[in-house]
Each structure stands twice: as C-alpha cells, then as structure tokens.
1. Quick check on segment 279-320: take the gyration tensor over C-alpha atoms, sort the square-rooted eigenvalues as a ≥ b ≥ c, and tell me if it's rounded (a/c under 1.5), prolate or oblate.
2. Which shape class, rounded, prolate or oblate, goes with segment 185-262 when its Cα gyration tensor gives a ≥ b ≥ c as root eigenvalues, a/c under 1.5 marks rounded, and past that a/b bigger than b/c marks prolate?
3. To the nearest 0.05, what FRET efficiency results for residue 51 and residue 121 with a Förster distance of 35 Å applied to their C-beta separation?
4. On C-alpha positions alone, give me the angle between the axis of helix 77-89 and the longest principal axis of the chain, in degrees, nearest 10.
5. Determine, from the Cβ-Cβ distance of residue 198 and residue 293 and an R0 of 30 Å, the FRET efficiency 1/(1 + (r/R0)^6), rounded to the nearest 0.05.
6. To check you understand DSSP bridge types, tell me what percent of the beta bridges within the chain (both residues inside) are antiparallel, rounded to 5.
7. Any chance you could run the full-extension gain for residue 271 through residue 209? It's 0.36 nm times the residue separation minus the Cα-Cα distance, nm to one decimal.
8. Arrange the following residues from fewest to most other Cβ atoms within 10 Å of their Cβ: 60, 266.
Ligand code: CUA
C-alpha cells in the first residue's frame with residue numbers, strides 16, 4: 001500500500017469516527033451523565049457492558065476450544081463423551097443463571113435507590129405529552145409553556161408526567177432515565193444536577209407519524225436566572241409595541257388560531273396546541289425541530305403539514321400583509 005492510499009484510508013476512518021461521535025454528542029448521551037439519576041443509569045450500563053464483554057470472551061474461547069478439541073478427539077470417542085456434559089451444565093445453566101440473577105438484582109437496586117423527591121422538597125414541573133409536542137406547567141406559579149423545561153441547578157426537580165392522548169416516553173439521556181407518559185395516570189421522574197446547560201431530550205416511545213419529531217430541551221440554569229425566567233413566564237402577553245404588531249394581534253384573534261392556542265391577556269384561550277404567551281422566548285419551534293426564527297415561523301404557519309405531516313395544525317391562507325403582521329406580533333411575545 002502506498003503512503004498516499006494509507007493516508008486516504010486513515011482519513012476515511014477518522015471521518016467515520018467523527019460522524020459516529022457527532023451522532024452522540026455529549027448533551028444527548030446517557031454515557032455522559034450530568035445528574036444523580038443519570039449517573040446511576042450510566043453505572044449500570046457499564047456494569048452490563050463489561051459483564052457482556054466477559055461472557056463474549058468466554059463463549060468465543062469455548063467455541064475455539066471446542067473446534068480444536070473436536071479435531072484432536074476425532075479418533076477417541078470415549079474421551080469425547082466424557083467432555084460432553086460438564087460444559088453444558090456449567091456454561092449453559094449455572095453461568096447464565098448467576099449472571100441473570102446478578103443483573104436483575106443490581107437493576108432493581110438501582111431503581112430503588114434513584115432520587116425520588118416528594119413535592120414538598122422539590123420544584124414540581126408537570127409535563128403533558130401530546131401528539132407531537134410537550135406541554136410544560138409549573139403549578140406553583142401558574143406558568144404554562146411548551147417543549148422547553150427550565151429547571152434550577154443544584155435543587156431537586158420532580159417531574160410529574162402524563163399524556164393527553166397516546167403513550168409517550170420522556171427521555172433526556174444526560175440528566176435522567178426515561179419514563180412513559182401513560183393515559184390516566186401520573187408518573188414521576190426526578191432531575192437533580194448542578195451543571196447548568198441545555199440538554200436535548202426526545203420522545204422514546206413510538207407514538208405515531210411524527211414520533212421522531214417530538215423533541216424538547218431541558219434548560220438547567222442558576223437559581224437566580226431560573227427565578228427570573230419563571231417570573232417573566234408568569235406574566236400576561238406583552239402589549240403590541242407598534243401598529244404592525246397591533247394589526248398582527250388582530251389577525252391572530254380573528255383567525256382560527258384562537259380555537260387551539262392561548263395567549264394570556266387576550267381572548268385566545270384554546271388548549272389544543274401550545275400556549276403562545278411567551279413564544280418568542282423559546283429557542284425552537286414545533287417541538288424542537290427547527291430554530292425559532294421569523295422565517296421558520298412563517299413557513300410553519302403557512303404550511304405545517306409540509307414540515308410535520310399529520311400534526312393537528314392546519315395550513316393557512318393568510319394574505320402576505322396579514323402574515324407579516326402576525327409574524328411581527330408573535331415575534332414580540334418574549
Ligand atoms: Cu411521543 Cu413518541
């Protein structure tokens with residue numbers, strides 16, 4: 001092999017490794033735990049991984065040994081028969097039983113010992129799954145938002161999760177294990193981390209056509225920033241600052257938007273889609289699938305079915321001037 005082809009092959013391998021690593025960036029990997037419960041899950045994963053490695057090595061060694069042995073014993077049927085049963089009993093019954101009982105035991109132990117603060121010790125956040133977005137409520141402060149869960153760093157957070165329709169699963173790999181959102185009941189999950197940052201999460205239970213586009217983010221922030229955010233989210237929507245935004249509000253209130261969305265402080269009190277009172281304060285649109293920019297918002301309003309087929313948001317045929325006014329208004333809802 002020439003030096004040049006060796007270098008290009010190395011380049012290919014490195015590019016492949018970079019792609020593979022990019023696909024599991026630190027913010028969305030359960031192997032880079034940033035919280036107490038996530039650390040426990042990661043520890044369990046590594047224990048299972050290394051036991052798996054040992055079992056694989058043993059099985060491979062036994063297979064190779066059997067191949068060699070068989071050849072040597074071909075002409076000695078008596079020795080061969082003596083060797084037949086012992087490995088079957090030890091390798092086929094005793095060892096798997098011990099491994100399975102051990103792994104079941106440590107899994108149950110990890111589940112029992114995960115952080116589980118009750119409502120009096122923790123910040124309570126209610127999460128309600130919808131096809132295909134997340135409603136997020138802070139009952140103590142009467143705050144409602146969507147697809148973004150803000151939590152304070154260094155304090156336990158108790159998530160109470162349920163669903164408005166089918167079963168979903170809340171999973172933010174770097175911060176906590178995953179848990180299903182089941183119709184008719186409330187499950188809990190806790191987050192406890194002292195590492196501020198933005199952590200990606202996603203729905204981990206197939207829930208229909210747009211399951212893969214049901215993402216969210218958990219924003220862990222210092223206590224003071226969290227309190228500021230909470231206070232801002234608790235206010236009614238900002239009054240339009242100029243004529244264009246005022247016209248945009250009129251467009252919103254006279255279109256079908258009001259049947260599905262709430263903007264606190266206005267006549268819009270729908271509850272089918274996300275609360276838009278502070279839409280402009282969120283980083284993403286349509287459950288984490290695109291950045292919250294004027295262009296993306298305009299495209300989403302005009303033809304959501306193009307972006308997320310099956311979503312309950314209908315297309316609109318607003319005249320261009322009305323659309324511009326509406327975008328100015330929604331963009332002012334910080
Ligand atoms: Cu919700 Cu998958």
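Here, each number is a calculation from the coordinates, and none is a lab measurement. What you see is a predicted model, and the numbers here were worked out from it, not measured in a lab. Counting neighbours? That spans all protein chains shown, and the Cβs are built from the backbone with ideal geometry, glycine included.
1. oblate
2. Since a/c reaches 1.5 but b/c is at least a/b, the shape of segment 185-262 is classed as oblate.
3. It comes out at approximately 0.50.
4. Result, in degrees: 30.
5. 0.95
6. 70 percent
7. Length gained between residue 271 and residue 209: 20.2 nm.
8. 60, 266
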